[in-house]
Each structure stands twice: as structure tokens, then as C-alpha cells.
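Presented below is the structure to which this report refers.
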Amino acid sequence: MLKYAMIGGGPGAFVGAVHRRALMLNGQAKLVAGCFSRDLEKSHAIGAELGLNEDRLYATPEEMARLEAGDIDFAVVVTSNEAHYPNVKSCLEHGIHVMCDKPFTHTSAQAAELVELARSKGLTLGVTYTYAGYPMVRQMKEMIARGDIGEIRFINCEYPQGWLAEMLEATGHIQASWRADPARSGGVLSLGDVGTHVEYLVPHVTGLKLTRLAARLDTLVPGRQLDDNGTILTEYDSGARGMYWYSQAATGMVNGLTLRIFGSEGGLEWHQEDPDHLRHMPLGQPARTIVRGTPDLTPGAQAFSHTPPGHPEGWLLAFANIYTNFCNTIAHGAAPDFPTGEDGLRGVQFIETCLESSRNDTTWIQL
Ligand SMILES: NC(=O)c1ccc[n+]([C@@H]2O[C@H](COP(=O)([O-])OP(=O)(O)OC[C@H]3O[C@@H](n4cnc5c(N)ncnc54)[C@H](O)[C@@H]3O)[C@@H](O)[C@H]2O)c1
């Protein structure tokens, strides 16, 4: 059993508790320490709920990294975006492996520095692009790799949410407030929050490299400072083309991540809100639905699949699958099979490139 500490995930926080539950499901690591909030009292409140020893709850992440180095195997950074860089850096400097949530850092220079720091110290660095942990995402990846849909021609990926279709940040809503604040979010709102998931998912599944893009970032809700919607045209190293749409102002949408990939021999379509089903449309044949948990899944999809068919799996187990591979790397030196710091760096470069394109009237920019 590995031992880990958490930075962020205090009272009222959204994703920290999800990481803790995923790591419980995964069963390879136990939470032993934390700096769950900038307010020590709040850290104590969560620590008590989780049954942690009081002397392993810290006032600052730096103090935690310094005093826990050697006693923990890894740290999980689930703070608001502005605190990712200093806290990942502090953990790496103290020789601690890190899993950080996305978007990785505010700038690509910061991300590159962290990647280099981890590399020079031989440490494992991951970024939780959660959707890579879904069995049917792995199924798509392995079907494409074995040529089931032929040569990819076009990719359409969309990620609409609707929870920011009103000025929630003006109401003091915790998660909306820092996401909509340029100084804390990193200069983008929805592009960092949901657009980066799209950026990671497409090359992960297709094996293609994004080479050029033209982006238009919109602010649909009056009074908002940052983007809450965006459309991006894409080109890849193979010559394939694509179109991304992300939004958090898509009124009524919940978490509509959808990936469609069209090749010379067939197409694939997956909806995150119906994660156990994958539509395969072979050229000239009737479309079929591939169901998670059935025996003809690809090996990677089988390995990510935990419940029988018809017994839905979802987000928590996708997080757990990412942690399984992360823990296997730390514990047994397994080859990294999870989103890494390099992937986090590419995500931040993507944000910077989209911003530049959008500011220049949606001009095409080479990556
Ligand atoms: N992978 C995913 O699917 C996914 C989903 C949601 C959020 N996220 C990411 O997770 C991160 C957290 O998002 P959230 O919605 O949970 O935010 P949140 O505001 O709900 O929680 C952030 C927590 O971090 C704590 N914190 C902030 N600065 C700190 C510091 N310096 N030291 C210690 N604690 C500190 C806050 O007190 C709070 O408890 C963000 O980067 C977000 O983009 C990822």
C-alpha cells in the first residue's frame, strides 16, 4: 500500500473528494497527510473527518512537502489553478512524486520547468485528464491503433456544459469565482477547464499530433471577463482535420463531452454521459453498439472494466484507472500509461496558442 498526501480538497471543495474516493476504489494508496486548505482550521476539519493524525495536517504545502518527504510516496495537487505550479514544484524539490489536476500550470514556461525538474530527479509526474481512464475511450484508442476505421479523415470533439450560463461568479459560488478570475484561473476560463480535456483526448485516442489550429474564444454571458465558449479548427500531422467546440455557457447541457472520429473504413462515436456504449459505424455495414464489459473488448478496455455489462461504470472508476497506472509506475516501475507532465505541458501550450489565434482574428497558428 502506497502512502499519499493531498494539497487542496478542503471543506466545500469539488474535486479533492473525488480523487480521494477514486484512490479508495483503486485500493493501492492510503491518505496519510494533507494541507487541504490555506486555512489550517479547515484542514483540521477535513483531517478529522478522514481520521488523519493531527500532526500530519499542515499550514502550508511547502511545510508538508518538507516534513513528509521520505514518509509519503506521492502527493495529489487539487487546488485552484494558481496554486498548481508552486505546490507541484515544492513537492518535486523534496523528492515526492506528484499527480496534479488540469490545467497543469498558468504558463508553458512553468510547465516545462516542472517537467524538467521531475525528469532530472527521476520522479513520476501525472496530470488527471480523467477521460483517458474510461474503458470505452481505451477501446476507441485500441481499435484505431489496429486499423479498424482505416485512415482518420476528420475528428469532431465537443465538450458543452451549462453551469456557467449565468453569472454564477457574481454570487460568491466557490468554484465559479476563482475560475472566472483571470489571476487565479490562468487567463482563460472554459478553455482551461473543459477545452484542455478535448485537447488531451483527441491525440490520446487517435495517435495523431495536432500541428495547426485556428481558435475563436467567445464570452457569451454579459459581464464575464473570460471565455465561456470556443470553437477551434484543427489540423494534424497525418493531414486529418478536426473541429472542437467547448462551452460552459451551453444552457441546459450538463457534461456533454462527445468524440466522433471518421476514417476511411468506418466511424466511432462516444458520449461521456453514456460511457459504457461505443457506436462503431463500419463502412458499408450496419452500425453496431459495442458494450463495456462484454468479452470482445480490446485488452486495454478489459483492464479498465470493473463491473459486468449493463451495470454502469463512470467517472470515479475512470479516475481510479488513471491512478492504477500511476501507482504501478511508482510502485513497480511500470512504463507510464497515464497522462504525464509532458501532456500537461502540451495542454498549456494549446491554451496559449488558442489565445494567440483568437486575439489575432482567428488566424491559423502552427504548434
Ligand atoms: N480532472 C477533472 O475532471 C477535474 C474536475 C474538476 C476540477 N478539476 C481541477 O481540479 C482543481 C480544483 O478544482 P475544484 O473545482 O475542486 O476547486 P475548489 O475551489 O472546489 O477546491 C480547491 C481547493 O483547494 C484549496 N486550496 C487552494 N489553494 C490552496 C493552497 N495554496 N494550499 C492548500 N489548499 C489550497 C481550497 O481551499 C479548496 O479546498 C482545478 O485545477 C480544476 O481545474 C479537474
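With each label point set 7 Å from Cα along the Cα-Cβ vector, what nm distance links H44 and V291?
Each label point lies 7 Å from its Cα, and together they span 5.4 nm.
To make sure I understand the rule: partners must be lysines, Cα under 28 Å from the Cα of K42, and not fewer than 8 residues away in the same chain. Which ones qualify?
Candidates past the 8-residue exclusion: K3, K30, K89, K102.
Pulled fully out, how much extra length does the chain show between T219 and V254, if you take 0.36 nm times their separation in residues and subtract their Cα-Cα distance?
Full-extension gain reported as 10.7 nm.
If I take R0 = 25 Å and measure r between the Cβ atoms of E166 and T107 in this structure, what FRET efficiency does the formula 1/(1 + (r/R0)^6) give, to the nearest 0.05?
Plugging the Cβ-Cβ distance into 1/(1 + (r/R0)^6) gives 0.25.
How big is region 245-367 along each principal axis, measuring the range of its Cα positions in Å and listing the largest first?
Answer, in whole Å and largest first: 50, 46, 34 Å.
Distance from the Cα centre of region 231-301 to that of region 83-153, in angstrom?
That distance is 22 Å.
Return one whole number: the accessible area per residue of the chain in Å², for a 1.4 Å probe.
Averaged over the residues of the chain, the accessible area is 41 Å².
In terms of modelled amide H atoms, which long-range or inter-chain residues lie less than 5 Å from the amide H of L226?
Placed amide hydrogens put nothing under 5 Å from L226.
For the pair Q366/K30, report the inter-label distance in nm, with labels modelled 7 Å from Cα in the Cβ direction.
Distance between the two pseudo-spin positions: 5.5 nm.
Convert each backbone phi in region 163-176 into a coupling constant with the Karplus relation 6.51 cos²θ - 1.76 cosθ + 1.60 (shift: θ = phi - 60°), then list the ³J(HN,Hα) values in order as whole Hz, x for Gly and Pro.
Per-residue couplings from phi come out as 6, 10, 6, 10, 6, 4, 5, 7, 9, x, 3, 4, 5, 6 Hz.
How tilted is helix 135-145 with respect to the longest principal axis of the chain? Cα atoms for both, answer in degrees (0 to 90, nearest 10).
50
Where does the charge balance sit around L23 when Lys and Arg score +1, Asp and Glu -1, over other residues with C-beta under 12 Å from its C-beta?
Charge balance near L23 sits at +3.
Any idea what the alpha-carbon Rg over 2.2 N^0.38 Å comes to for region 2-127?
Computed over Cα atoms of region 2-127, the ratio equals 0.96.
Go ahead and run the numbers for FRET between M281 and S120, Cβ-Cβ distance against an R0 of 41 Å, rounding to 0.05.
0.30
Using the Cα atoms as the points, what is the convex hull volume per residue of the chain in Å³?
Here the figure is 138 Å³ per residue.
In whole Hz and in residue order, list the ³J(HN,Hα) couplings for region 312-328 that follow from phi through the Karplus curve 6.51 cos²θ - 1.76 cosθ + 1.60, θ = phi - 60°; x for Gly and Pro.
Rounded to whole hertz, the list is x, 10, x, 4, 4, 6, 5, 4, 4, 5, 5, 5, 4, 5, 4, 5, 4.
With the full set of protein chains in place, find how many percent of the accessible area of the chain is carbon and sulfur; take the probe as 1.4 Å.
Within the chain, the accessible surface is 52 percent carbon and sulfur.
Amide H of Y58: which non-local residues (sequence gap of 5 or more, or other chain) have their own amide H closer than 5 Å, using H built in the peptide plane?
Placed amide hydrogens put G34, C35, F36 under 5 Å from Y58.
In a shell of Cβ-Cβ distance under 15 Å around G252, excluding G252 itself, what net charge do Lys and Arg (+1) and Asp and Glu (-1) give?
-4
If K30, K102 are ordered by their accessible area, calculated over protein heavy atoms with a 1.4 Å probe, which sequence runs from highest to lowest?
Per-residue accessible area, sorted high to low, gives K30, K102.
When averaged across all projection directions, what area in nm² does the alpha-carbon convex hull of region 145-277 cover?
That works out to 8.5 nm², a quarter of the Cα hull's surface.
The values are calculated or read from the model by the stated rules, or taken from the named source; none is laboratory data. Keep in mind it's a predicted model, so treat the numbers as computed, not measured. Cβ sites come from the backbone with ideal geometry, for glycine too, and all protein chains shown count toward neighbours. Accessible surface is based on the protein model in full, side chains and every heavy atom, while ligands, DNA and RNA are left aside. Shrake-Rupley method; radii C 1.70, N 1.55, O 1.52, S 1.80 Å.
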